[in-house]
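Below is one structure, written out as structure tokens; comments come after it.
Bear in mind these aren't lab numbers, they're just calculated from the coordinates by the rules spelled out. Being a predicted model, the structure only gives us computed values, none of them experimental. FYI the Cβ positions are ideal-geometry reconstructions off the backbone, even for glycines, and counts take in every protein chain you see.
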Amino acid sequence: MKDEKRVVRVPRDSVDLSKHLRHQPDRIGIALDPHGWTEIDTLLRAAAAHGFPITRAELDHVVAANDKKRFTVEGTRIRAAQGHTIPVDLDLPPAEPPAYLYHGTVAARLPSIREEGLRSMARHHVHLSRDRETATRVGARRGRPVVLAVDAGAMHQGGHVFHVSANGVWLTAAVPPRYIRFSG
Ligand code: HQG
């Protein structure tokens, strides 16, 4: 099939776009607005100028086909749905979480998580998943996954604020240890 090569490139392009839309836009000379948006035309021009030309059709394919729906297109603009390490305000409204949310990690992190709870580390928020399967995949990025259940309902009642990203990732500033079930 003529387009086969292009389709095979999609995951790599997706990672590239993550890098530029979440972490290092200046590496390809683009700027994000305070809410994380950039003009699609500008992004495509910058991509071509930095050795990874993508067409608008390919970009649309990456946005639509990406399993995690990492990117949001609105009119002429695009942004990453979550996961930034540079300061952007996604302007997500507070949302009421389900009773339990899940966090995937690995055993080596547990002593410190028991002591200080879940912290946002380099990102803006702690990332939580609605189901164990997703959390298992998140943890598996770092080794043998360990899934922690978070008592999100009690946190919400206690005044902790939650947001949900356009791609269904639950976000909160930090999770104190008392809300974490280490037994899974
Ligand atoms: C750990 C991917 C020690 C935490 C995924 C994790 C997700 C602590 C790591 C999204 C800690 C941070 C986010 C503490 C937390 N002491 N370790 N007190 N608190 N940690 O990548 O949740 O592919 O920033 O357990 O699918 O792993 O980018 O967060 O291991 O949705 O779209 O510190 O990234 O999505 O790692 O993953 P990360 P995460 P994308």
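Points to keep in mind about this one:
- Taking ARG178, ARG137 and counting other C-beta atoms within 10 Å, the order from fewest to most: ARG178, ARG137
- Within the range 67-83: backbone nitrogen closer than 19 Å to the ALA140 label point (7 Å, Cα to C-beta): 67-70
- Estimated translational D of the range 101-181 in µm²/s (Stokes, Kirkwood radius over Cα pairs; 37 °C; 0.692 mPa s): 262 µm²/s
- Residue among HIS50, HIS20, HIS163 with the largest mean-square fluctuation in a Gaussian network model of the chain, springs linking Cα atoms under 10 Å: HIS50
- Legend: ranking of residues GLU115, GLU39 from fewest to most surrounding C-beta atoms inside 10 Å; resulting order GLU115, GLU39.
- Centre-to-centre separation between the Cα atoms of the range 145-174 and those of the range 21-84: 27 Å.
- Potential extension, GLU133-ALA173 segment - 0.36 nm per residue separation minus Cα distance: 12.1 nm
- The Cα-based radius of gyration of the chain, divided by its Kirkwood radius, gives an Rg/Rh of 1.01.
- Calculated mean residue ellipticity, 222 nm, the chain: -8000 deg cm²/dmol, from DSSP H runs (n ≥ 4) at -39500 (n - 2.57) each, averaged per residue and rounded to 500.
- Per residue, the average separation of C-alpha pairs within less than 8 Å and at least 6 apart gives the chain a relative contact order of 21 percent.
- Within a Gaussian network of the chain (alpha carbon springs, distance under 10 Å), most fluctuating of PHE162, PHE52, PHE71: PHE52
- Burial ordering of TRP170, TRP37, fewest other beta-carbon atoms within 10 Å first: TRP37, TRP170
- Max mean-square fluctuation residue, GNM over the chain, Cα-Cα springs under 10 Å, options VAL106, VAL147, VAL62: VAL106
- Relative to the current alpha-carbon distance between ALA166 and LYS68, full extension at 0.36 nm per residue lengthens the span by 34.3 nm.
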